[in-house]
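The values are calculated or read from the model by the stated rules, or taken from the named source; none is laboratory data. Small disclaimer: the values here were computed from a predicted structure and weren't measured. Reconstructed Cβ throughout: ideal geometry from the backbone, glycine too, with neighbour counts over all protein chains shown.
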Amino acid sequence: MLQSSQMTAVLKSATRVIGIDPGLNITGYGIVVCCPDEVKLLEAGVIRMPRNHSGNLPERLESLFVELRRVIEEFEPQVMCLEEVYSHASYPRTAILMGHARGVICLAARLAGIPVLSFSAKRVKQSVTGNGNASKLQVQRAVQNYFSLHRVPYPPDVADALAVALCYVNGRGKHWAGGQRVNDSKNSPLPWGEGVPIRRFHQPERDG
């Protein structure tokens, strides 16, 4: 949990929250600003790591660490929110690899002095869709509706990261009494609005 002194500082003014959807291939991130009367979407995108091949795990982790530190230094979030690692008995290796990515992300936050909060996937889905078993598309649409975006955030890692940030916002809702969603898609810098694509946001590769 956040220490009381940290929470007091966070709640005094507009708060920048970064949500992270950890991954070793693609890590999604989303930054929202919580003001006393509104929640604004500041930036969202993905960090793509080098392709997986034998023995390059350290290289991929370094890439994630360096890029995430750049995001943190540029936008100076005050709180980081992470989705907890989901472990499936049939895929234990996946959980281990995700743990590596999560550790690097937590280290980046620690070095920047940012407190980290974790939320289960079920809690995140329940918070943004009302259904703890919601599909990825349902999460994407919920995020799209919340910020009045023209299209669903893509890839899903972006929507998942924003959903984690919104889980924190919704959980702390009592501190932003009267807060509203921002219907500001016309001025959105995101590629799903009408503005300039975010530099870290990569459109999906297509064959041909």
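When Asn131 is tested against (1) in a helix (DSSP H, G or I); (2) among the polar types (S, T, N, Q); (3) free of Cβ contacts under 8 Å to residues at least 24 places away in the same chain, only condition (1) is not met. Tallying residues that are at pLDDT 95 or above and of a type in the set (S, T, N, Q) within the stretch 64-100 yields 1. Per the conditions (1) part of a loop (DSSP other than H, G, I, E, B); (2) modelled with pLDDT of 95 or more, the sole criterion not satisfied by Leu149 is (2). Whenever a residue of the stretch 23-38 is acidic (Asp, Glu), its partners that are not in a strand (DSSP E or B), lying with C-beta atoms within less than 8 angstrom and at least six residues away or across chains, give the pairs Asp37/Trp176; Asp37/Gly178; Asp37/Gly179; Asp37/Gln180; Glu38/Gly179; Glu38/Gln180; Glu38/Val182. Condition check for Ile114 on (1) more than 22 Å from Glu38 (Cα to Cα); (2) modelled with pLDDT under 90; (3) of a type in the set (Val, Ile, Thr); (4) in contact with a strand residue (DSSP E or B) (Cβ under 6 Å, 6 or more places away or on another chain): one failure, at (2). All conditions but one from (1) assigned to a helix (DSSP H, G or I); (2) touching a Pro at 6+ places or on another chain (Cβ under 8 Å); (3) at pLDDT below 95 apply to Ile105; the one that does not is (3). Among the residues of the stretch 142-151, those that are over 17 Å from Asn131 (Cα atoms) and either without any contact (Cβ under 8 Å) to a residue 12 or more places away in the chain or more than 15 Å from the chain's Cα centre (by Cα) (or both) comprise Ser148, Leu149, His150, Arg151. Considering (1) touching a residue at least 60 places away in the same chain (Cβ under 8 Å); (2) of a type in the set (D, E, K, R); (3) over 22 Å from Lys136 (Cα atoms), the lone condition that Arg60 does not fulfil carries the number (1).
Take the conditions (1) farther than 22 Å from Thr15 by Cα; (2) of a type outside the set (S, T, N, Q); (3) buried (at least 18 other Cβ atoms within 10 Å of the Cβ); Leu137 misses just one of them, which is (3). Taken together, Arg206, Arg181 contain a single residue that is in contact with a strand residue (DSSP E or B) (Cβ under 7 Å, 6 or more places away or on another chain) and modelled with pLDDT under 75, which is Arg181. Go through the residues of the stretch 82-101 one by one and say whether even a single one is in a helix (DSSP H, G or I), without any contact (Cβ under 8 Å) to a residue 40 or more places away in the chain and closer than 26 Å to Gly171 by Cα. Within the stretch 82-101, one or more residues are in a helix (DSSP H, G or I), without any contact (Cβ under 8 Å) to a residue 40 or more places away in the chain and closer than 26 Å to Gly171 by Cα.
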